[in-house]
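Enquirer: First, the structure itself, so that you have it in front of you.
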Amino acid sequence: MQTNESEYLIDLVVVGAHLSGMPLNKELVELDAKFVRLDATTSDYRLFELPGTAPRKPGLLRVESEAGAAIEVEVWALTPKAFGLFVSRIPSPLGIGTVKLRGGAAAKGFLVEEIAVREAEDISRFGGWRAFRRSVEAAA
């Protein structure tokens, strides 16, 4: 039985510059990704503002159970071909791993290498990249 690639989609969790309305969201749209839902991680993640990135980007790091915070994310769906192309363009120190979502679901999504957050600001208290960016804009 032959399957059409468009019948099979891979969920992708995005947390920062690829969120709807953010500067890199167009990369998902250009690959015909479909917005699935707004969600949040389990409370074992920390969110950091990565220094020296343009556009500004956060890094999501998994930490010990209950040592983090639930972080707002979006879930997008891509065909396997689009997913592969998208992942091939991700710059270090970001990468794709498995992200645990509230309610027990998990999906592939953006994570950051631990070494990249050693000098970065922990912005987990904001609960997500959008809230953090709003606070920066309000302070300007």
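Enquirer: It is to be established whether one or more residues within the stretch 72-94 are touching a helix residue (DSSP H, G or I) at 6+ places or on another chain (Cβ under 8 Å) and within 17 Å of residue 133 (Cα to Cα).
Expert: Within the stretch 72-94, one or more residues are touching a helix residue (DSSP H, G or I) at 6+ places or on another chain (Cβ under 8 Å) and within 17 Å of residue 133 (Cα to Cα).
Enquirer: When residues of the stretch 84-104 are filtered for being touching a Lys or Arg at 6+ places or on another chain (Cβ under 8 Å) and of a type in the set (A, V, I, L, M, F, W, C), how many remain?
Expert: Matching residues across the stretch 84-104 total 3.
Enquirer: If I filter the stretch 46-65 for residues that are closer than 20 Å to residue 137 by Cβ, β-branched (Val, Ile, Thr) and out of contact with any Phe, Trp or Tyr (no Cβ under 9 Å at 6 or more places or on another chain), do I get at least one hit?
Expert: The answer is yes; a qualifying residue exists.
Enquirer: Is there a residue being assigned to a strand (DSSP E or B) and more than 14 Å from residue 129 (Cα to Cα) anywhere in the stretch 46-64?
Expert: So far as the stretch 46-64 goes, yes, one or more of its residues are assigned to a strand (DSSP E or B) and more than 14 Å from residue 129 (Cα to Cα).
Yes/no matrix, rows are residues, columns are (1) under 13 Å from the mean Cα position of the chain (by Cα); (2) more than 21 Å from residue 92 (Cβ to Cβ); (3) among the small types (Gly, Ala, Ser):
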| position | (1), (2), (3) |
| --- | --- |
| 18 | yes, no, no |
| 28 | yes, no, no |
| 44 | no, yes, no |
| 51 | no, no, no |
| 63 | no, no, no |
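Enquirer: Considering only the stretch 90-140, state which residues are under 13 Å from the mean Cα position of the chain (by Cα) and aromatic (Phe, Trp, Tyr).
Expert: Once the filter is applied, which keeps residues that are under 13 Å from the mean Cα position of the chain (by Cα) and aromatic (Phe, Trp, Tyr), the stretch 90-140 yields 110, 129.
Enquirer: A further question on this structure: Conditions: (1) within 20 Å of residue 35 (Cα to Cα); (2) of a type outside the set (Gly, Ala, Ser); (3) in contact with a strand residue (DSSP E or B) (Cβ under 6 Å, 6 or more places away or on another chain). Residue 61 meets all but one. Number of the miss?
Expert: Going through the list (1) within 20 Å of residue 35 (Cα to Cα); (2) of a type outside the set (Gly, Ala, Ser); (3) in contact with a strand residue (DSSP E or B) (Cβ under 6 Å, 6 or more places away or on another chain), residue 61 breaks only (1).
Enquirer: Could you please find all residues in the stretch 1-37 being in a loop (DSSP other than H, G, I, E, B), among the polar types (S, T, N, Q) and either modelled with pLDDT of 95 or more or surrounded by 15 or more Cβ atoms within 10 Å (Cβ to Cβ) (or both)?
Expert: 20
The values are calculated or read from the model by the stated rules, or taken from the named source; none is laboratory data. Predicted model only: the values in this text are computed from it and were never measured. Note that we place each Cβ from the backbone using ideal geometry, even for glycine, and neighbour counts take in every protein chain shown.
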